[in-house]
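Have a look at the structure below before the remarks.
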Amino acid sequence: MPPRSRESLRLPELRLAVRARAVGNWLGSLPWWVQVVLVYGSARLYSMIVLIAAARRQMPSPWAQGSPSYGEFINFWDSGWYARIHDDGYPAELPRGDDGTVLENQWAFYPLFPATVRLFSTMTGTGWNPGAPLLATAYGFAAALIIYRIFRLRAQHRDALWAVGLIAFFPTSPILQIPYAESLHLMLLALALYLVMTGRFLSAVPVVVLMCLARPAGVPFAAMLGALLLLGLAAKGDVGGRPNSAWASGRLAVLTGVAGMAALSWPVVAWVGTGVPDAYVQTETAWRGSELTLFLPWLSAAVGLLGPILGPLALAVLIAGFAGLLLSTAGRSLGLPLRLWCTAYLLFLAAFWNPQTSTFRILLPLFPLALAAVLISDARAYRWLAVAACACLQVVWVAWLWAWVPLFGSGDYSP
């Protein structure tokens, strides 16, 4: 038989390219919310596959026997604390060790997520499992839709959808379908930011109050609002994307005050519930094993990992990289509220967070940086590579941190 021509060899590839383009055109013709749901849903399906594969290799753990089911596997770690709150609530007396120090207990975990699961369980009779993972997944889908609307305020549809995809495949994104409060908090945070960016400050009040009962992020949010108010007044420019006025500034001031009070609400509830003024702080430090100190744990961790010279240098490089990203053309495209939020949240983590393996999960509220990362380049190869890298690191996060392996005969690094 005569050898095939170069044109005939290329024919299958050309047909595949034509079909791929046709599928792309069809997807592009769908409503925006359908596209977001498809992108986010594909990420959650991928995460489910990764979790199931890891579960098959899981040895016996404190939460289940070896090779647990998907439902058992996603109820590891802090899911057990939320389930205990769902079933039994919070202790009226802080548990203490022989030396009088407060032990780990439910007061470290905010109440909104287990409360919504309990309401859902009462209405449907599902119980914690599968009610909790179903709600967590639903909150994640809602968060993706709201985040897209935020990004559309600052970018075109294609860029906004890529940024949502980057968040959906983020290395720690499996937590958005696990019975943790992360997906609920992300949804409320995104909605609060969207309302602020569109100037609906009073409408954001109940959202911010609920957000402060989901995760401890009220302090940086109040700081962001305060900075936004002061900068708007000083510059006499626009506040939250609308023309400045005494009425708009007054509404923003109200929201700022409410956010500040709401940020302190859960520590106050813990005080009232236990009779111990610093019950929440003592409970949080039970996981640290040391007193709360501002900023120094990051320097200590850097020195411990990289030494007295490379450690501080690495911290300086991280700070410079973050500042460079926000000051770049891509970073400035986020707008003032989103840049202020990212700055305030990182300062909050630097001051109060104890650096550990859970830090990767705690970075999810910095989701606006996904849009900045996408806007660095419009090259498809760059964007696909970024999403693929996140998907690969998902496997690393699940296998390294979510899966439980005995560490020195006892615990393991927490996710």
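Of the residues making up the stretch 160-184, those that are more than 13 Å from residue 374 (Cα to Cα), more than 10 Å from the chain's Cα centre (by Cα) and in a helix (DSSP H, G or I) are 168, 174, 177.
Going through the stretch 254-280 one residue at a time, which ones are among the β-branched types (Val, Ile, Thr) and either under 30 Å from residue 308 (Cβ atoms) or surrounded by 20 or more Cβ atoms within 10 Å (Cβ to Cβ) (or both)? Give the derivation first.
Restricting attention to the stretch 254-280, the residues satisfying the condition of being among the β-branched types (Val, Ile, Thr) are 254, 256, 258, 268-269, 272, 274, 276.
Residues satisfying the conditions are 256, 258, 274.
Pairs are defined by a Cβ separation below 7 Å, a sequence spacing of at least 6 or placement on different chains, a first member in the stretch 378-399 that is of a type in the set (D, E, K, R), and a second member that is surrounded by 12 or more Cβ atoms within 10 Å (Cβ to Cβ); the pairs so defined are 383/162; 383/374.
Considering only residues in the stretch 30-85 that are in a helix (DSSP H, G or I) and in contact with an Asp or Glu (Cβ under 9 Å, 6 or more places away or on another chain), the one that is farthest from residue 149 (Cα to Cα) turns out to be 55. The set of residues in the stretch 272-311 that are in a helix (DSSP H, G or I), under 26 Å from residue 100 (Cα atoms), at pLDDT below 90 and among the polar types (S, T, N, Q) contains only 285.
Just checking, how many residues over the stretch 194-213 are surrounded by fewer than 24 Cβ atoms within 10 Å (Cβ to Cβ), assigned to a helix (DSSP H, G or I) and touching a helix residue (DSSP H, G or I) at 6+ places or on another chain (Cβ under 8 Å)? Full working, then the answer.
Taking the stretch 194-213 first, the residues surrounded by fewer than 24 Cβ atoms within 10 Å (Cβ to Cβ) are 194-195, 197-200, 202-203, 205-207, 209-210, 213.
Right, trim to assigned to a helix (DSSP H, G or I) and you get 194-195, 197, 205-207, 209-210.
Next, only the ones that are touching a helix residue (DSSP H, G or I) at 6+ places or on another chain (Cβ under 8 Å) stay: 194-195, 197, 205, 207, 209-210.
So the count comes out to 7.
Keeping to the stretch 358-377, report how many residues are polar (S, T, N, Q) and either assigned to a helix (DSSP H, G or I) or free of Cβ contacts under 8 Å to residues at least 24 places away in the same chain (or both).
Just the residues of the stretch 358-377 that are polar (S, T, N, Q), to begin with: 358-359, 377.
Now narrow it down to the ones that are either assigned to a helix (DSSP H, G or I) or free of Cβ contacts under 8 Å to residues at least 24 places away in the same chain (or both): 359, 377.
Qualifying residue count, the stretch 358-377: 2.
The values are calculated or read from the model by the stated rules, or taken from the named source; none is laboratory data. The structure presented is a predicted model; accordingly, all values stated were derived computationally and were not measured. Quick reminder, even Gly has a Cβ in these numbers, built from the backbone with ideal geometry, and neighbours come from all protein chains shown.
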